[in-house]
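Asks: Dropping the structure in here first, questions after.
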Amino acid sequence: MDRNTLDEALARGKAERRRFESLEYVRFSDGFAGIARGTVQLPDGRLLPGYPSIGRIQSLARGLRRQYAGPFWAEEKIDGFNVRLVQHDGALYAFSRGGFVCPFSTDRLPDLLDPTVFESEPALILCAEIAGPENPYLEGSPPQVREDVALFVFDIIRGADGAFLEPPAKSALAARYGLPMARSFGRFTADDQQALGSILRQLDAEGSEGLVFKGEGGGGRTKYVTGRSNIADISLCSEQLLDLPPEYFTNRLLRLALFTDELGSADAPALERELGRAFLQGLERAVARSREVGRVGHRFRCRFRQRRNAEHFIAHLEATAGRRVHIAEGSPHREGDYWILEFERILQRMTGTLANVLAGQAQFD
């Protein structure tokens, strides 16, 4: 990136200088002059390209035929927190999609990834999801992670041009260095509907989120989610019914209907019961929590190797969420080899509504 472009982006508020401990870097808060939002410039001038948005198809057969004239690869879509992993001056950093150093992900990298790959290829960029029930960003978790968090690499950038490695080259490099990878189901064309349908029914039964399709030769990328992943989202977020936009729920209901229409359901009555429970149980949790402590929120628990990184993360929460976050008393506290941070994201509208309702106030519909 030339100096004039960077200076203009900074002057126009499209980029900003950031600091994380000894690392000073620039993040692009908006797209500018062909540079994607979330792009990062490191002190040595190296660029970490912003990760592109991936379009969603909701009709499998028609969507694949419309998007792909040639072959594509199908990989598991992991429900996690998107990070780009890099080495700079001998230290590993995890950058969020927005271009911030993530204190949590950076702290936990020694537990989740063998750094040998960066010793051999220091300019490599690994794109990964950090997922699990102790993820401090998301309510959901993939079924294969039962505790804490795990890391799944899904893309690798090797050259200065920012291009992703083709799936075969990515798989070979991952095998060489033992990188933890999102599952790949192979190479397909739009005519392979039966095989892809079988994979998606398998993922649906497992409780997995779905598939990402990656066109061969740098072709386009799309995603398609399973039916039950929509029910899982509703179950996790129904206590946020008043705090999330209505489209959050209606979009998932539509995706579920389209999935069952195209790929069927082995037990439709059971699916309907699951959907009803998903809505009702979350609302019941909200009512119980309101009665218990006078607020409604989603509680998180996560582990840090270093206390200072937990404190960095608390500062980030307080700067971005303010009164909408409640840090548990005594957090972070030591448990074995880790510092445990517990906090709650407050759902303000649900908290206020239930406080009034349970206090006996009259409502006029």
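Asks: Picking from A169, A150, A175, A160, which residue would you name as being closer than 15 Å to K214 by Cβ and either assigned by the TED database to the domain that holds P71 or in contact (Cβ under 8 Å) with a residue 24 or more places away in the chain (or both)?
Replies: Among A169, A150, A175, A160, only A169 is closer than 15 Å to K214 by Cβ and either assigned by the TED database to the domain that holds P71 or in contact (Cβ under 8 Å) with a residue 24 or more places away in the chain (or both).
Asks: What are the pairs, 6+ residues apart or on separate chains, where a residue within the stretch 310-321 that is outside the structural domain of F95 (by the TED database) has its Cβ under 6 Å from a residue that is open to solvent by 60 Å² or more (accessible area, probe 1.4 Å) and small (G, A, S)?
Replies: none
Asks: Right, next: With at pLDDT below 95 and over 30 Å from D267 (Cα atoms) as the only criterion, which of G207, G219 stands out?
Replies: Answer to the check: G219.
Asks: Turning to a different aspect of this structure: Does G50 meet the test of being outside any helix (DSSP H, G or I) and surrounded by fewer than 19 Cβ atoms within 10 Å (Cβ to Cβ)?
Replies: No; evaluated as a whole, the condition is false for this residue.
Asks: Right, here's the next one. Condition first: part of a helix (DSSP H, G or I) and surrounded by 15 or more Cβ atoms within 10 Å (Cβ to Cβ). Now tell me which residues in the stretch 293-323 satisfy that.
Replies: Matches in the stretch 293-323: R307, N309, A310, E311, H312, F313, I314, H316, L317.
Asks: Further question: Of the residues R62, R84, which single one is open to solvent by less than 20 Å² (accessible area, probe 1.4 Å), of a type in the set (K, R) and at negative phi?
Replies: R84
Asks: May I ask you to list the residues in the stretch 319-357 that are hydroxyl-bearing (S, T, Y) and more than 20 Å from R291 (Cα to Cα)?
Replies: Selection gives T320, S331, Y338.
Asks: Let me ask another. Considering only the stretch 144-153, I want to know if a residue exists there that is of a type in the set (G, A, S), assigned to a strand (DSSP E or B), at pLDDT 95 or above and open to solvent by 10 Å² or more (accessible area, probe 1.4 Å).
Replies: yes
Asks: Only one of I78, I35 is in the same structural domain as T189 (by the TED database), surrounded by 19 or more Cβ atoms within 10 Å (Cβ to Cβ), in contact with a strand residue (DSSP E or B) (Cβ under 9 Å, 6 or more places away or on another chain) and of a type in the set (A, V, I, L, M, F, W, C); which?
Replies: Step by step, each of I78, I35 is checked, and only I78 is in the same structural domain as T189 (by the TED database), surrounded by 19 or more Cβ atoms within 10 Å (Cβ to Cβ), in contact with a strand residue (DSSP E or B) (Cβ under 9 Å, 6 or more places away or on another chain) and of a type in the set (A, V, I, L, M, F, W, C).
Asks: Separate question: Testing R345 on (1) open to solvent by 50 Å² or more (accessible area, probe 1.4 Å); (2) without any contact (Cβ under 8 Å) to a residue 24 or more places away in the chain, one condition comes back false. Which one is that?
Replies: Failing condition for R345: (2).
Asks: For G360, all conditions in the list (1) part of a strand (DSSP E or B); (2) open to solvent by 50 Å² or more (accessible area, probe 1.4 Å) hold save one; what is the number of the exception?
Replies: (1)
Asks: Just to check your reading of the model, which residue among H298, H312 is closer than 15 Å to P103 by Cβ and out of contact with any Phe, Trp or Tyr (no Cβ under 7 Å at 6 or more places or on another chain)?
Replies: So the residue among H298, H312 that is closer than 15 Å to P103 by Cβ and out of contact with any Phe, Trp or Tyr (no Cβ under 7 Å at 6 or more places or on another chain) is H312.
Asks: Follow-up. So which residues in the stretch 216-242 are over 17 Å from the mean Cα position of the chain (by Cα), over 27 Å from V296 (Cβ atoms) and open to solvent by less than 10 Å² (accessible area, probe 1.4 Å)?
Replies: If the condition is that a residue be over 17 Å from the mean Cα position of the chain (by Cα), over 27 Å from V296 (Cβ atoms) and open to solvent by less than 10 Å² (accessible area, probe 1.4 Å), then G227 is the only one that fits.
Asks: Within the stretch 259-275, does at least one residue satisfy the condition of being open to solvent by 60 Å² or more (accessible area, probe 1.4 Å), within 27 Å of the chain's Cα centre (by Cα) and of a type in the set (K, R)?
Replies: The answer is no; no qualifying residue exists.
Asks: Go through (1) outside the structural domain of F152 (by the TED database); (2) out of contact with any Leu (no Cβ under 9 Å at 6 or more places or on another chain) and name the single condition Q194 misses.
Replies: Condition not satisfied by Q194: (1).
Asks: Considering the stretch 15-28 alone, what residues qualify as being of a type in the set (K, R) and open to solvent by 60 Å² or more (accessible area, probe 1.4 Å)?
Replies: Within the stretch 15-28, R17, R18, R19 meet the criteria.
The values are calculated or read from the model by the stated rules, or taken from the named source; none is laboratory data. Keep in mind that this is a model prediction, so the values were computed, not measured. No Cβ is skipped: glycine too gets one built from the backbone with ideal geometry, and neighbour counts run over all protein chains shown. With ligands, DNA and RNA removed, areas are computed over all heavy atoms of the protein, side chains included. Shrake-Rupley method; radii C 1.70, N 1.55, O 1.52, S 1.80 Å.
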